[in-house]
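Everything below concerns the one structure shown next.
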Number of protein chains: 2
Amino acid sequence: MDPESLSKAFVEHYYSTFDTNRGNLGGLYQETSMLSFEGEKIQGGTAIVSKLTSLPFQQCKHNITTVDFQPSGPAGGMLVFVSGNLQLAGEQHTLKFSQMFHLMPTPQGSFYVQNDIFRLNYA
Amino acid sequence: MDPESLSKAFVEHYYSTFDTNRGNLGGLYQETSMLSFEGEKIQGGTAIVSKLTSLPFQQCKHNITTVDFQPSGPAGGMLVFVSGNLQLAGEQHTLKFSQMFHLMPTPQGSFYVQNDIFRLNYA
């Protein structure tokens with residue numbers, strides 16, 4: 001899969017999974033994976049999914065505005081940079097966010113999320 | 001230098017150089033470096049500095065809101081994720097932006113910018 005198709009497929013998969021059942025995101029992370037969520041640092045797939053599922057809202061919808069991607073270096077990784085809006089159930093206003101992922105290849109030919117940094121962009 | 005000090009020193013150096021004489025940013029990039037600027041892809045330090053110096057404003061001021069950082073993997077790289085506001089000379093309103101850098105170590109013990117992705121966050 002070419003880098004653009006890979007990045008867009010990942011973004012589609014990640015946010016559609018987040019918005020339907022974010023407990024299912026665990027398969028995208030490994031124990032070395034790192035998440036920075038609004039400045040809070042969490043390491044390891046289990047802890048990351050625990051954090052995501054404990055966020056204080058039941059339903060949400062991510063609307064993606066931009067997706068940028070670049071290869072991260074000779075190890076075959078891919079950097080994916082996303083901006084968009086987040087709509088929480090019951091809230092009228094959307095929240096703007098930016099998020100970056102560092103995808104690394106697995107020996108099986110797939111990718112996992114090594115790095116994940118999320119920030120809301122407050123007005 | 002520990003990762004937090006490195007990241008903060010880089011952010012301070014990058015934006016203060018950008019805001020005083022962005023033509024001097026060339027030393028931070030190498031010929032393999034990549035910039036995505038509002039979706040436009042530019043490769044190589046010379047082309048990147050040419051892009052930055054040709055932006056249609058003379059003076060600007062970056063005000064940094066958040067800095068997140070994570071090691072990018074065994075090659076010793078560092079991911080730095082920045083959000084903030086950009087004030088252009090003569091403009092009343094500020095522009096919100098997000099930017100990520102992938103810093104890679106040089107054999108001399110310094111770091112260069114391998115990846116740079118910049119996006120304005122429009123309201």
All-but-one check, B:Glu12 against (1) assigned to a helix (DSSP H, G or I); (2) within 13 Å of chain A (Cβ to nearest Cβ); (3) out of contact with any strand residue (DSSP E or B) (no Cβ under 7 Å at 6 or more places or on another chain), failing number (2)
Residue, nearest to the chain's Cα centre (by Cα), within the range B:72-89, restricted to residues that are surrounded by fewer than 16 Cβ atoms within 10 Å (Cβ to Cβ) and under 21 Å from A:Pro71 (Cβ atoms):
B:Gly76
Set A:Phe57, A:Phe97, A:Phe69: member being of a type outside the set (Lys, Arg) and more than 27 Å from B:Glu40 (Cα to Cα)
A:Phe57
Inside the range A:12-37, can you point out the residues that are crowded, with 20+ Cβ neighbours inside 10 Å and either without any contact (Cβ under 8 Å) to a residue 24 or more places away in the chain or among the polar types (S, T, N, Q) (or both)?
A:Ser33, A:Ser36
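Any read-out appearing in this document is the output of simple, stated calculations on the displayed coordinates, not a laboratory observation. Model, not experiment: these values are computed from the prediction. Cβ sites come from the backbone with ideal geometry, for glycine too, and all protein chains shown count toward neighbours.
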